[in-house]
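So the structure is just underneath, and the comments pick up after that.
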Amino acid sequence: MSLAPTDEQLVAIEYPYNKAITARPGSGKTFTLAQMIVKDSKDLLSYQGIIAISYTRKASAELKGRCIRYGAIRNRSFYGTIDSFCINEIVAPFLSRFLKRSVDLKIIDSVNSNKFDERTKDEKVIEALKTGKLPINMLCSAAVLILDRVEAAKLYVKARYKSVYVDEYQDCGSSQHRLIMWLASMGLKTVVVGDLDQAIFGWANKSPEYLSNLISSTDFRHFALTRNHRCHPSIINYSLRLIGHTDNLLTTDELRVIRARIMPLNSPHSRNLVGTDESSIAQAIERFLPNIKNKYKVQKYSDFAILARSNATLVRFQEALTVPSKRHADSVLDRGISKWRRVFIMLLEMYFSPNRFVDSFLDDYSNLYSKPSTRAKTKLLVLKYLSLAPGKLCEETSLAVEIAKRCEPRGFNGEDIEAYQKVVSDSSVTAMYYRAPEGQRSQPINIS
């Protein structure tokens, strides 16, 4: 889209206080977020920054990249997930002050805490912190407790950050909402963005009610981004009808959305129709791909994406395809949020990326007051890592470890090293999770 904001985007960008923004797909949400952050960054001191929370690391990287391209000041801002913010900015730095002793903290899998009220949940969080094993779904609650009881943590956040931006707020849980409201109460300008029609994590006790409450709150001003910059009007109308909207439909005469009936093969009405199993559907999609590519001038398979609700479905679907395809899933490195795992993941993403931003990586990990020679030595190590042949990544694990030591000196974890080695020792694993597509055979349909 153009770098010039629309009128409705500009009104939202210029408003200087707390705001709740609803944005449908294709409405320029990321563009608008980036423009807001760029505007805020111009008034920051050298040691200050902005908190930008996205649902995934890839979304955070995209937002950060846009902010830099649009002219954001390269200050001490945080771009990442809310779990990463909690562990790296609040829990890990101030846990020893909270417990009055040092603890080697390990983040473990989630536990069922839905039956607890807030007081009981806080007690469970304190017990977990004392044992050194904190379930990942208790990170936000732990961060709130530390902000509440450790004055140094509160002073640090208030001095370091001036505003907080949170994307996909319709999928916010109670503990996440509690943390964001804590940050707002500390004086950080708070901006939340979401779409009430895209709330899909009710099964995980995430609710759009928190976004709805902020939309109607007198402490927030609501802005709606309604113009779609991505889709043809017929596709917008189809999606609106699909979720039950019958008003505000766009006028269009061109048919771009086709409805196909899929029925069991043994149905009396199933003549010339495909079956409902993944194999039959995959074969039907393949038959229509050439015509779709020609009609809409699609150049390569990697411009197609096939989505499903479960990994098991994706596996069966991919097995039935004969055209090149790439299945996206989490690697063993993604099953945890420790500091070293984050370093290893960023190294691999940078290694396999067609666009390598070494200085951006160093900005995330170099101390603001470190000597230029220290940063230069770290940069040489990273450049050496990037020059390795793919087959040498496993053999040179010590190089990745040395970089991790420089980035996170107190983050050593043997399990993280084992997870890294497991990923880089199998080229098919790195191809699935990190390698960018190249050439026609390696520009596959994306399955995720």
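Computed from the coordinates by the stated procedures, all read-outs in this text should not be read as laboratory data. All of these numbers come straight from a predicted model, not from anything done at the bench. When we count neighbours, we look across all protein chains shown, and the Cβ atoms used for this are built from the backbone with ideal geometry, even at glycine.
Quick one: E408, E118, E396, fewest Cβ neighbours within 10 Å first, how do they rank?
E118, E396, E408
Neighbours of S84, meaning other residues whose beta-carbon lies under 9 angstrom from its beta-carbon, give a summed charge of 0 when Lys and Arg score +1 and Asp and Glu score -1. Place a label point 7 angstrom from the Cα of R119 along the Cα-to-Cβ direction, then list the residues of region 90-112 whose backbone nitrogen is under 18 Å away. Those under the cut-off are none; the list is empty. Looking at region 330-425, the chymotrypsin sites (Phe, Trp or Tyr not before Pro) that sit in a DSSP loop and have at most 15 other Cβ atoms within 10 Å of their own Cβ are F357, Y369, F412.
The charge dipole of region 332-433, taken about the Cα centre with unit charges on the Cβ atoms of Lys, Arg (+1) and Asp, Glu (-1), comes to about 400 debye, rounded to the nearest 20. If the label point is 7 Å along Cα→Cβ of S360, which residues in region 5-33 have backbone nitrogen under 18 Å from it? Counting backbone N atoms under 18 Å from the label point, the list is 30-33. The lysines within cross-link reach of K384, meaning a Cα-to-Cα straight distance under 22 Å and a gap of 8 or more places when in the same chain, are K339, K371, K392, K405, K422. Peptides 81-91, 135-145 ranked from most to least packed by the mean count of surrounding Cβ atoms within 10 Å: 135-145, 81-91.
Hull volume per residue, based on the alpha-carbon atoms of region 90-143 and their convex hull, is 68 Å³. The shape of region 10-130 can be summarised by an equivalent ellipsoid whose semi-axes, obtained from the alpha carbon gyration tensor, come to 33, 19, 14 Å from longest to shortest. Compared with the alpha-carbon gap, the fully stretched path from T218 to Y156 is longer by 19.5 nm at 0.36 nm per residue.
Net charge dipole, region 33-158: roughly 360 debye, given to the nearest 20, about the Cα centre with Cβ charges of +1 for Lys and Arg and -1 for Asp and Glu.
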